[in-house]
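What follows is a set of notes on a single structure, which appears directly below.
The values are calculated or read from the model by the stated rules, or taken from the named source; none is laboratory data. Values in this document were obtained by computation on a predicted structure and should not be read as measured data. Here the Cβ positions follow ideal geometry from the backbone for every residue, glycine too, while neighbour counts run over all protein chains shown.
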């Protein structure tokens, strides 16, 4: 009787091992935000998962911005963190959440002065072998301009210098398009300037 029980236990263990299912990992791509003005009303959020599954979004402060499906409604000026999530399914594990900070600036105040930004890129393609790309932008107010990259996996920005990141090695190494934005949030004298954005293809050509 003991031998039969032992044999049955071994069979159960073998069957359990054979039925173990493995899942694949997935990664979310969710670009960084340039500042937005409250007058824009709403923006469409865009993110994707390597699994192809639908990505959902959460707002850290619904008094500043609310999310319904993929539409983000701007409620009032301030800062809010928008998080992209994908919970997985029978084939994919849950993806690591990706959080991005969004700055919402106030509408034009009639009591403040207006300002504009002048920003142009010297080229539409930049290689890692070319070193750092100096970004130049000025505001008519004389206030400092801030630069942001839509994807830090491909293009890093420190101050006014852009560096092609290792993530720019994609497929046949044609690189990827990244949006570089120049913004100026204003102060007690000046309204926020309209953000100026340009696209650049970044390529990691050094191996």
Item checked: Residue that is modelled with the highest pLDDT [pool: residues in the range 95-129 that are surrounded by fewer than 14 Cβ atoms within 10 Å (Cβ to Cβ) and assigned to a strand (DSSP E or B)] -> 118
Check: Tally time: how many residues in the range 33-72 are in contact (Cβ under 8 Å) with a residue 40 or more places away in the chain, under 20 Å from residue 107 (Cβ atoms) and either under 16 Å from the mean Cα position of the chain (by Cα) or assigned by TED's automatic domain parsing to the domain that holds residue 152 (or both)?
Finding: 4
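Every residue, every condition in (1) touching a helix residue (DSSP H, G or I) at 6+ places or on another chain (Cβ under 9 Å); (2) closer than 30 Å to residue 66 by Cβ; (3) in contact (Cβ under 8 Å) with a residue 60 or more places away in the chain; (4) in the same structural domain as residue 27 (by TED's automatic domain parsing), yes or no:
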residue	(1), (2), (3), (4)
96	no, yes, yes, yes
115	no, yes, yes, no
126	no, no, yes, no
143	no, no, no, no
158	no, no, no, no
163	yes, no, no, no
180	no, yes, no, no
183	no, yes, yes, no
188	no, yes, yes, no
Notebook entry, point to check: Which of (1) touching a helix residue (DSSP H, G or I) at 6+ places or on another chain (Cβ under 8 Å); (2) under 19 Å from residue 59 (Cβ atoms) is the odd one out, the single condition residue 78 does not satisfy?
Noted result: (1)
